[in-house]
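These notes concern the structure reproduced below.
Bear in mind that the values in this text are calculations on the coordinates, not laboratory data. Here the structure is a predicted model, which is why all the values come from computation and not from measurement. When we count neighbours, we look across all protein chains shown, and the Cβ atoms used for this are built from the backbone with ideal geometry, even at glycine.
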């Protein structure tokens with residue numbers, strides 16, 4: 001993987017290497033109740049969150065980028081291997097939702113991370129994230145169901161795949 005900065009045509013969304021100074025912003029973003037509800041994923045306590053990020057930042061197989069919007073830390077995007085499949089995931093602070101930032105960031109990230117197939121998982125009713133993935137060429141290939149402690153209920157999850165022709 002390269003270490004270059006990826007910039008979209010509009011030049012408002014940029015990706016760069018994650019810096020330790022980004023972590024407090026990421027921590028605050030993952031505490032947002034609407035975000036955890038939408039993702040059906042619980043927020044982590046600060047110590048657990050920081051330990052998780054220290055671990056993934058040290059893992060050379062993980063590709064991590066900070067998403068910047070107009071120079072501000074808007075969120076993060078990550079690619080990692082789980083069960084022998086390369087996955088992608090992202091988290092955007094709530095104030096940055098609905099502006100096309102995630103789509104621009106994922107487009108730039110996919111230009112950098114060339115591994116295909118690439119997989120993503122999204123809760124079925126997370127329509128914004130599902131739309132981002134589909135705009136970037138991911139197609140639904142399966143489904144899963146699991147218990148979300150955030151929602152205190154079973155949630156339906158879609159599995160998406162990006163093939164080599166994208």
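Please report how far the C-alpha centroid of segment 89-118 lies from that of segment 133-166, rounded to the nearest whole angstrom. After rounding, the separation between the Cα centres reads 15 Å.
Peptides 146-155, 73-82 ordered by packing proxy, namely the average of other Cβ atoms within 10 Å per residue, highest first: 73-82, 146-155.
Extension gain for residue 134 to residue 59 (0.36 nm times residue separation, less C-alpha to C-alpha distance): 24.2 nm.
When DSSP assigns beta bridges and you keep just the ones with both residues in segment 3-132, what percent turn out antiparallel, to the nearest 5?
Numbers: 22 of 23 bridges.
The antiparallel fraction comes to roughly 95 percent.
Helix-only mean residue ellipticity at 222 nm, the chain, DSSP H runs n ≥ 4 weighted -39,500 (n - 2.57), per residue, nearest 500. What is it? Calculated at 222 nm, the ellipticity per residue is -8500 deg cm²/dmol. For the pair residue 34 and residue 145, label points projected 7 Å from Cα toward Cβ lie 3.0 nm apart.
Between residue 21 and residue 99, the simple label model (points 7 Å from Cα in the Cβ direction) yields a spacing of 2.0 nm. Computed extension length for residue 114-residue 11: 34.9 nm, one decimal, from 0.36 nm per residue of separation with the Cα-Cα distance subtracted.
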